[in-house]
Amino acid sequence: MDKLVQTPLTERRNPHSTHLDTMSALEIATLMNEEDKNVIEAIRIALPSISEAMELFAKTYASGANIFYIGAGSSGRYAILDMAELPPTFGADPRRFKGLMAGGPSAMYSAKENSEDDMDAAISDLQEAGIKKGDLLIGLAASGQTPYVLAGMRKAKEIGATTISISCVDVDKISEYADIAIHLLCGPEVLTGSTRLKAGTAEKMVLNMISTGGFVLNGKVYENLMVDLIPSNSKLVKREVRIVQEATGASVEEAEKALQESSRSAKEAIVMLKLDCDADSAKRALNKAGGFVRKAIEQ
């Protein structure tokens with residue numbers, strides 16, 4: 001019994017799924033759906049630390065420092081996914097974000113389970129990526145003790161970077177090197193030890209919250225519209241026009257005209273239409289407001 005108590009939360013057996021191999025597809029789906037409700041509750045409990053992480057993310061980006069992610073296996077893949085989506089969604093400079101995954105880029109597509117034990121690789125990967133004092137490192141490990149992530153967190157603290165840890169256990173090792181520690185206690189998995197299930201869902205949701213909230217705090221959003229998106233395909237070009245329309249009540253023609261005059265800047269187009277000014281005036285108003293559309297309009 002004592003041995004069971006000491007087993008990490010992510011490795012314990014779920015009493016609700018001990019007959020998983022006898023269940024029908026609908027029963028399996030129903031059970032997984034019920035268990036996923038624990039993810040929402042785990043995140044709710046962690047909201048204070050998540051909001052602190054959000055503020056640190058925003059502060060780091062505003063300072064001009066870089067933001068790093070580090071993980072292994074599923075955790076590493078969620079980290080890379082979050083990082084990859086930030087530039088097109090928020091017009092963020094991709095050079096400011098760097099994702100490190102145990103086993104290197106190829107581990108995104110093919111599992112390299114032994115690479116997560118390579119602590120030396122984490123240190124060399126961080127150094128090669130150019131982490132420095134003032135940067136931010138977000139370390140993910142469902143178990144809270146992955147050696148690759150642990151070594152990276154320790155090295156980041158030595159350098160003078162700030163750190164955020166995300167784990168799915170109550171007692172871990174990576175939080176010892178974290179300025180902000182986030183613990184997502186979703187409980188044992190439906191499939192014992194398969195942390196790509198509840199733990200992975202929780203990690204992805206929290207990463208989405210931190211980065212999205214961080215950019216909201218940095219003026220990348222007006223109302224609930226992504227006004228700094230990069231319209232890199234036809235779908236996003238249409239979305240950009242729609243965003244300007246939603247924000248201003250303009251017609252398609254008026255929104256498109258403002259976008260053309262502002263070199264496809266949704267922010268500038270919105271300010272132009274709201275203040276009935278030209279693109280140069282809109283740009284000056286935004287610069288004065290630190291990039292915040294609402295402040296530019298109301299100042």
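With charges only on Cβ, +1 for K and R and -1 for D and E, what is the dipole size of the range 12-107 about its Cα centre, in debye, rounded to 20?
Magnitude of the dipole: close to 420 debye.
Residues Phe292, Phe57 ordered from highest to lowest accessible area at a 1.4 Å probe: Phe292, Phe57. Relative to the current alpha-carbon distance between Thr22 and Lys295, full extension at 0.36 nm per residue lengthens the span by 92.4 nm.
Straightening the chain between Asn224 and Val237 buys 2.9 nm, computed as 0.36 nm per residue apart minus the Cα-Cα spacing.
Put the Cα centre of the range 193-237 next to the Cα centre of the range 16-60 and the gap is 18 Å. Database remark: amide H of Gly99 closer than 5 angstrom to the amide H of Tyr69 (H placed geometrically; neighbours at sequence offset of 5 or more, or on other chains; Pro and chain starts carry no H).
Packing around the peptides 253-260, 73-80, taken as the average count of other Cβ atoms within 10 Å per residue, puts them in this order, highest first: 73-80, 253-260. The distance between label points at Glu261 and Asn114 comes to 6.4 nm (points 7 Å beyond Cα on the Cα→Cβ vector). Applying the Karplus relation 6.51 cos²θ - 1.76 cosθ + 1.60 with θ = phi - 60° to the range 17-32 yields 3J(HN,Hα) values of 10, 5, 10, 4, 6, 10, 7, 7, 4, 5, 5, 5, 4, 5, 4, 4 Hz, where x marks Gly and Pro. In order along the range 263-275, the Karplus-derived 3J(HN,Hα) couplings, from 6.51 cos²θ - 1.76 cosθ + 1.60 at θ = phi - 60°, round to 6, 6, 9, 4, 4, 5, 4, 5, 5, 4, 6, 5, 9 Hz, and Gly and Pro are given as x.
Highest GNM mean-square fluctuation, the chain, Cα pairs closer than 10 Å: which of Ile164, Ile174, Ile28? Ranking Ile164, Ile174, Ile28 by mean-square fluctuation puts Ile28 first.
Rolling a 1.4 Å probe over the heavy atoms of the protein chains gives the range 163-269 an accessible area of 43 Å² per residue. Ranking Leu259, Ile243, Ala92 by Cα position along the charge dipole of the chain, where only Lys, Arg, Asp and Glu carry charges on their C-beta atoms, puts Leu259 farthest toward the positive end. Count charges around Tyr177 for me, please; just the other residues with Cβ under 10 Å from its Cβ, Lys/Arg as +1, Asp/Glu as -1. Net local charge, Tyr177 excluded: +1. Note the listed values (i) 1.05; (ii) 0.95; (iii) 1.09, then indicate which one is Rg/Rh (Cα atoms, Kirkwood Rh) calculated from this particular structure. It is the value labelled (i). Taking the accessible area of the range 54-170, probe 1.4 Å, and keeping the other protein chains in place, the carbon and sulfur fraction comes to 51%. Here the gap between Ala62 and Ser194, fully extended at 0.36 nm per residue and compared with their Cα-Cα distance, gives a gain of 43.8 nm. Adding -39500 (n - 2.57) for every DSSP H run of four residues or longer, then dividing by how many residues the chain holds, sets the calculated 222 nm ellipticity at -16500 deg cm²/dmol. Near the amide H of Tyr222, within less than 5 Å, lie the amide hydrogens of Val227, all on another chain or at least 5 residues away, with H placed in the peptide plane. Placing +1 on each Lys and Arg Cβ and -1 on each Asp and Glu Cβ, with no other charges, gives the chain a dipole about its Cα centre of roughly 640 debye.
What shape does the range 106-193 have by the C-alpha gyration tensor, where a ≥ b ≥ c are the square roots of the eigenvalues, rounded means a/c under 1.5, and otherwise prolate means a/b greater than b/c and oblate the rest? Here the range 106-193 falls in the oblate category. Between Tyr78, Ile67, Ala142, the Cα set farthest toward the positive side of the dipole of the range 58-170 (charges on each charged residue's Cβ, about the Cα centre) is that of Ile67. Using only the Cα atoms of the range 200-298, build the gyration tensor, take square roots of its eigenvalues as a ≥ b ≥ c, and label the shape rounded, prolate or oblate: rounded if a/c is under 1.5, else prolate if a/b is larger than b/c, else oblate. The shape class here is oblate. Taking amide H as placed 1.01 Å from N in the peptide plane, the amide H of Gly144 sits under 5 Å from that of Cys168, each at least 5 places away or on another chain.
Shape analysis of the range 160-211 places it in the oblate category; the axes a ≥ b ≥ c from the Cα gyration tensor give an a/c of at least 1.5, with a/b not above b/c.
The values are calculated or read from the model by the stated rules, or taken from the named source; none is laboratory data. The shown structure was predicted, so the numbers you read here are calculated from the model rather than taken from an experiment. Cβ: placed from backbone, ideal geometry, glycine included. Neighbour counts: every protein chain shown. Please note that ligands, DNA and RNA were not included when accessible areas were found on the heavy atoms of the full protein model with its side chains. Shrake-Rupley method; radii C 1.70, N 1.55, O 1.52, S 1.80 Å.
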